[in-house]
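The values are calculated or read from the model by the stated rules, or taken from the named source; none is laboratory data. Please read these numbers as outputs of a predicted model, since none were measured by experiment. Because the Cβ atoms are built from the backbone with ideal geometry, glycine has one as well, and the counts that use them run over all protein chains shown. Please note that ligands, DNA and RNA were not included when accessible areas were found on the heavy atoms of the full protein model with its side chains. Shrake-Rupley method; radii C 1.70, N 1.55, O 1.52, S 1.80 Å.
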Amino acid sequence: MDTILEVKNLSKKFGAFWALKDVSFTLYEGEILGILGPNGAGKTTLINCLLGLVLPTEGRINYFGLPFPKYRSKVLEKVNFASNYVGLPLSLTLEENLLVYAHLYRLKNPKEKISELLKLFGLWEKRKLRTRTLSSGQMMRLCLAKALLNEPRILLLDEPTAGLDPEIARDTRSLLQSLSHEKNTSIIITSHNLSEIERISDRVLVLQKGQVKALGTKEELLKSFEAKSLEDLYFRLNL
Amino acid sequence: MNPRRIYAVILRQVFLYRRSFTRVLDVFYWPTVDLLLWGFITIYLARGGASLPPYASFFLGGLILWNILLRAQQGVSVSFLEDIWARNLINLFVSPLKISEYLVALVCISLIKVAFAFGVMSFLASLCFGFQVFKLGFWLLLFVLNLCAMGWAIGLVTMSAILWFGQEAEILAWALAFLFLPVSGVFYPVEVLPEGLRQVATIVPASYVFEGMREVLLAKSLNLSLLQKAFLLNLFYLSGSLVLFLTVYRKALEKGTIPKIGE
C-alpha cells in the first residue's frame, strides 16, 4: 500500500505543556486509522496540526510527499474534515452552505455533486431549509456531505457519529467503510466509541498524554498487550 | 490567488445578507438617519443666518465620506466576525482558501457595502437637500480610495485584536474608527483643534481627505500635497496593519487559538 501521509516526530508545546510529544505514524492509501485516547490525550491537537490550524513545535508532516503546511492550499484540496463540534453557518440553507464550499474546493459540477450528496445523506427534502432547522444528527450528516464534496483522498473525522441515532451512526460507518474500500479514501477517525473504532479501523493509534502508547492492527494490539478487546486494552493501558 | 475561492467567501456573505432583513437594514439605516439628521441641522443653521451652501456641503459631504471610511472598516472586520459568530472560521481555514484570498474577499465585501451605503446617502442628499456629492468630480474617486484604505487598515487592526484577544475584542469593530472621528476634521477644519490634537491630525490620512474635500467645495481646486500626504500615510498604515495581521495570524497558529475563537 502507498503511504499517503507521513507524520514524523511531531511535537506541540503550549507554554510548558507538551500536548503532543514525538508522535510518528504513517497512513496508507484506503486505510482507516482510528485514534483512541482519553480527554486531553492530544487527539484534537493532532487533528488540528494535520489540518494546519495549529503549527507544530517540532517534527514534520508530509501529505502525498509534500511538506505541510508549506503546500497547505495544494494539500487541502485533497483533504477534508468533519467534526461533531464544528457546524456550518445556521442562517444559510443546506444547499447554500454546500454551494459555498463547492466553490472553495473548485468543483466542476457543483450542483450535481450537491444533489448527489444531499440524497446520499437523506437531506434532499430539506435542501431549501435553513441549517438551523436541522437536528444535531442531521447537522453531522450535512458536515459529512461537506467533507465529501471534493472527493478527498484523506478524510479527517473528529467524533463523526457522536449524537447520531444508532441507525444513522451504523449507516455512516458503512459509508466510511465503503469510501475506504471502493474509493480508496484514507480516513483518520477519532472517537470515544471503542466498539466503533474496533469495527471500522484497519489500524488503531492509542494516544496518552500526547504520546503514542500503541499503534497497530487490532489483532497486533490485542496480542502484544494480551487483551481481549480494545476496551480491555484501554483499561490495561490505564487510559 | 484563486478567484473562485474569493468568490466563495463573497457568496457566503451574499447568502447571509439575502436571508437577513436586519443585516440589510443595518447597511441603509444608519446612513439614512445620519444624513437626515445632519441635513436638517444645516437647514436650521441656514435659517439662523449662516450661509447655507458651504455648511450643507461641508456637513453632508463630510458625512457621506465619513460613512465610506466606516463602511470600509466594518465591511472587513464585521464580515470576519460573521464567520466567527457562525463558527465557520474553522471550516474556512481547513479548506484550500489562502489567507490572502480571504483578505481580498473581505475587501471586496467591504466595497460592496460601501457602494450601497454611498448610493443611498448620495441619492438622499440630492433628493432631500439638493446636495450633489458628484460635484467633487474626479477628486471624489481619490477621496474614496484613501478613505477605504484607511478603513481597511483599521479593519485589519481590529481583526488582529480579535485573533489575539478573542471575541471580547469584537467591540473594536464598531468603536475603533470613531476614535479617529474628532481628529479627522470631518465636520470642521483641523485648525480649530487644540495644538496637541492638531499634531495628531497630521498623522491621520482622513484629515487630509476632509481638508481636501472642503477645498474642492469652496475653491473648486485641490492642493495636491494634501492627497499626497494621505496616500503616503495610508500606504504606511495599510502595510503596517497587514504585517501586524499576518504576524498575529501566525502567532495564533502557534498558540492554537484559532479553533477556540467563538467558543
- Where residues in segment A:180-196 are touching a Leu at 6+ places or on another chain (Cβ under 8 Å) and open to solvent by less than 20 Å² (accessible area, probe 1.4 Å), which of them is modelled with the lowest pLDDT? A:191
- Note on the structure: Matching residues in segment A:1-36 (under 15 Å from residue A:205 (Cβ atoms) and not in a strand (DSSP E or B)) number 1
- Message: Looking at the structure I just gave you, is residue B:116 open to solvent by 10 Å² or more (accessible area, probe 1.4 Å) and more than 30 Å from residue B:259 (Cβ to Cβ)?
- Response: yes
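Can you tell me which residue among B:177, B:169 is of a type in the set (Gly, Ala, Ser), crowded, with 24+ Cβ neighbours inside 10 Å and part of a helix (DSSP H, G or I)?
On the way: B:169 fails: crowded, with 24+ Cβ neighbours inside 10 Å.
Only one candidate passes the filter, namely B:177.
Quick grid of which residues meet (1) of a type in the set (Val, Ile, Thr); (2) surrounded by 15 or more Cβ atoms within 10 Å (Cβ to Cβ):
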{"position": "B:5", "(1), (2)": "no, yes"}
{"position": "B:9", "(1), (2)": "yes, yes"}
{"position": "B:15", "(1), (2)": "no, yes"}
{"position": "B:25", "(1), (2)": "no, no"}
{"position": "B:28", "(1), (2)": "no, yes"}
{"position": "B:31", "(1), (2)": "no, yes"}
{"position": "B:35", "(1), (2)": "no, yes"}
{"position": "B:42", "(1), (2)": "yes, yes"}
{"position": "B:46", "(1), (2)": "no, no"}
- Note on the structure: residue A:7 passes all but one of the listed conditions (1) free of Cβ contacts under 8 Å to residues at least 60 places away in the same chain; (2) more than 14 Å from chain B (Cβ to nearest Cβ); (3) open to solvent by 20 Å² or more (accessible area, probe 1.4 Å); the exception is number (3)
- Note on the structure: Filtering segment A:175-209 down to residues that are part of a helix (DSSP H, G or I), among the charged types (D, E, K, R) and touching a residue at least 12 places away in the same chain (Cβ under 8 Å) yields A:196, A:198, A:199
- Just to be sure, is residue A:48 in contact (Cβ under 8 Å) with a residue 40 or more places away in the chain, among the polar types (S, T, N, Q) and not in a loop (DSSP other than H, G, I, E, B)? no
- Among the residues of segment B:89-102, the number that are without any contact (Cβ under 8 Å) to a residue 24 or more places away in the chain and part of a helix (DSSP H, G or I) is 1
- Residue by residue through segment B:1-38, note down the ones that are touching a Lys or Arg at 6+ places or on another chain (Cβ under 9 Å) and assigned to a loop (DSSP other than H, G, I, E, B). B:1, B:2, B:19
- Message: Checking the structure you have, find out if any residue of segment A:10-31 is hydroxyl-bearing (Ser, Thr, Tyr), free of Cβ contacts under 8 Å to residues at least 24 places away in the same chain and under 23 Å from residue A:198 (Cβ atoms).
- Response: yes
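Kindly establish whether residue B:119 is of a type in the set (Gly, Ala, Ser) and in contact (Cβ under 8 Å) with a residue 60 or more places away in the chain.
Working: of a type in the set (Gly, Ala, Ser): yes; in contact (Cβ under 8 Å) with a residue 60 or more places away in the chain: no.
When the stated conditions are applied, residue B:119 does not pass them.
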- Message: Residues that are open to solvent by less than 60 Å² (accessible area, probe 1.4 Å) and assigned to a loop (DSSP other than H, G, I, E, B): does segment B:222-238 have at least one?
- Response: yes
- Query: Can you name every residue in segment A:86-133 that is surrounded by 15 or more Cβ atoms within 10 Å (Cβ to Cβ), within 14 Å of chain B (Cβ to nearest Cβ) and hydrophobic (A, V, I, L, M, F, W, C)?
  - Reply: A:86, A:88, A:90, A:92, A:94, A:98, A:99, A:100, A:102, A:104, A:107, A:114
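Quick one: in segment B:143-166, which of the residues that are part of a helix (DSSP H, G or I) and among the small types (Gly, Ala, Ser) is nearest to the chain's Cα centre (by Cα)? Explain how you work it out, then say what you get.
First, pick out the residues of segment B:143-166 that are part of a helix (DSSP H, G or I): B:143-165.
Imposing the further condition that a residue be among the small types (Gly, Ala, Ser) reduces the set to B:149, B:151, B:153, B:155, B:160-161.
Details: B:149: 8, B:151: 4, B:153: 9, B:155: 8, B:160: 17, B:161: 17 Å.
Per the criteria, the residue is B:151.
Could we say that residue A:48 is of a type in the set (S, T, N, Q), within 23 Å of residue A:215 (Cα to Cα) and away from every other protein chain (no Cβ under 14 Å) here?
Values: of a type in the set (S, T, N, Q): yes; within 23 Å of residue A:215 (Cα to Cα): yes; away from every other protein chain (no Cβ under 14 Å): no.
Taking the combined requirement at face value, the residue does not satisfy it.
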- Does segment A:144-164 include one or more residues that are aliphatic (A, V, I, L, M), more than 16 Å from the chain's Cα centre (by Cα) and modelled with pLDDT of 85 or more? no
- Message: With the structure loaded, tell me whether residue B:260 is touching a helix residue (DSSP H, G or I) at 6+ places or on another chain (Cβ under 9 Å), within 14 Å of chain A (Cβ to nearest Cβ) and among the basic types (Lys, Arg) or whether it fails that test.
- Response: no
- Kindly check whether there is at least one residue in segment B:89-98 that is more than 23 Å from residue B:18 (Cα to Cα) and open to solvent by 40 Å² or more (accessible area, probe 1.4 Å). yes
- Task: Pull up segment A:51-74, narrow it to residues that are more than 8 Å from chain B (Cβ to nearest Cβ) and hydrophobic (A, V, I, L, M, F, W, C), then point me to the one that is nearest to residue B:90 (Cα to Cα).
- Result: A:68
- Query: So residue A:172 clears everything in (1) within 13 Å of chain B (Cβ to nearest Cβ); (2) in a helix (DSSP H, G or I); (3) touching a Lys or Arg at 6+ places or on another chain (Cβ under 8 Å) except one condition, right? Which one?
  - Reply: (1)
